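One structure is given here, and the rest of the page talks about it.
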Amino acid sequence: MSSLHNLACGGKHAAFSLGRNFRRANKMFGAVVVGIGIAGSVRLRDLLNPMPSSPSEHLKLFGFVSRRDLGNINEVKQISLKDALGNKEIHTALISTDNKSHEENVRMFLEAGKHVLVEYPMALSAGTARELWEMAEQKGKILHVEHIELLTEEYKQLKKEVAGKDLVKGMLHFTGGVLDEERSGFPAFSGIARLTWLVDLFGDLTVTSATREEKREKSYSRMTAHLQTTNKKPLTWIEERGPGLRRDKKINFCFKSGCLENLPEAPRSAVGLFMQDLNLFAKKLLGRVSREELAAEKWRILRCLELAEEIQQHCEQLSKIHS
């Protein structure tokens, strides 16, 4: 009798589990895009045109929020921030605002019980980022930080070429146009995608020193951070910005087996970078990403923000000494 009872109960539990998984697999998540710049506009486009048979099909666009009065865009309604926060049919917010307002927006939408996707950097201080992540976990919400530079075919190929090699020393030098630091943050934060490359490629790093050269009258800035791997191998990260500087990345990674002096050539993916990121976010919402993957991603994001903050502190301390 007891074996029959256990079998029946087991059948009920299995049916319940299957039913729960089926509901999750068919769940739709209402979405709102906050901030309609370049990234926000691409988010709108991708939400309106999800990949067939992909996780992004589980996201339904309800509208967008902007400080500007834009009316409707491609029949998508502009809604107020208050309505976006209060609408129970909106389960997720995709935040594509200026870096300095990421923290405020993430906090508001988490407090309102929404899942959040935010462009990097999620905040301009490591302490704030940890606080926001704790809030997301306490509320049982997904907090996803976009890092599209990890999704490029160029980077994926680079990671394959670096894998298993013993680093001797390395350098990553980024150049680009002028940024408004008031809106974008200190270069270690606005350029955190490059720091993320280094941590993803070589593991945990420590900051040994950092300097910054500025020519404000020429809108020129060059930040140089000296880092070290756990095996005490040196890495240099340079973030250089100024008028007319072409957006470019140069590498020089030397291994015991030889040096990589150019980024590998790779064909462009058939799937756009923001769409790849959107699918990853939707996979998390659907519970299709393992706890181990989520934990590793959380560590990487928070560790990079800690390193960015240390780099900024080194630069500012030197600046005070020389001023």
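The values are calculated or read from the model by the stated rules, or taken from the named source; none is laboratory data. Note that the structure is a prediction, hence the values are computed from the model and not measured. Quick reminder, even Gly has a Cβ in these numbers, built from the backbone with ideal geometry, and neighbours come from all protein chains shown. Quick note on the areas: whole protein, heavy atoms, side chains included, nothing else; ligands and nucleic acids left out. Shrake-Rupley method; radii C 1.70, N 1.55, O 1.52, S 1.80 Å.
Results, tabulated for the structure shown:
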| item | result |
| --- | --- |
| Filter result (in a loop (DSSP other than H, G, I, E, B) and either among the hydroxyl-bearing types (Ser, Thr, Tyr) or in contact with a Phe, Trp or Tyr (Cβ under 6 Å, 6 or more places away or on another chain) (or both)) within segment 48-59 | Ser53, Ser54 |
| Residue match in segment 81-93 (condition: under 21 Å from Leu195 (Cβ atoms), under 15 Å from the mean Cα position of the chain (by Cα) and open to solvent by less than 10 Å² (accessible area, probe 1.4 Å)) | no |
| From the options Glu119, Glu103, Glu131, residue that is surrounded by 23 or more Cβ atoms within 10 Å (Cβ to Cβ), under 27 Å from Asp180 (Cβ atoms), acidic (Asp, Glu) and in contact with a helix residue (DSSP H, G or I) (Cβ under 9 Å, 6 or more places away or on another chain) | Glu119 |
| Test set (1) surrounded by fewer than 16 Cβ atoms within 10 Å (Cβ to Cβ); (2) under 17 Å from His226 (Cβ atoms); (3) among the small types (Gly, Ala, Ser) - Ser290 fails condition number | (2) |
| Filter pass, Leu70 being at pLDDT below 95 and surrounded by fewer than 19 Cβ atoms within 10 Å (Cβ to Cβ) | yes |
| Some residue of segment 270-278 being open to solvent by 70 Å² or more (accessible area, probe 1.4 Å) and either in contact with a Gly (Cβ under 9 Å, 6 or more places away or on another chain) or at pLDDT below 95 (or both) | yes |
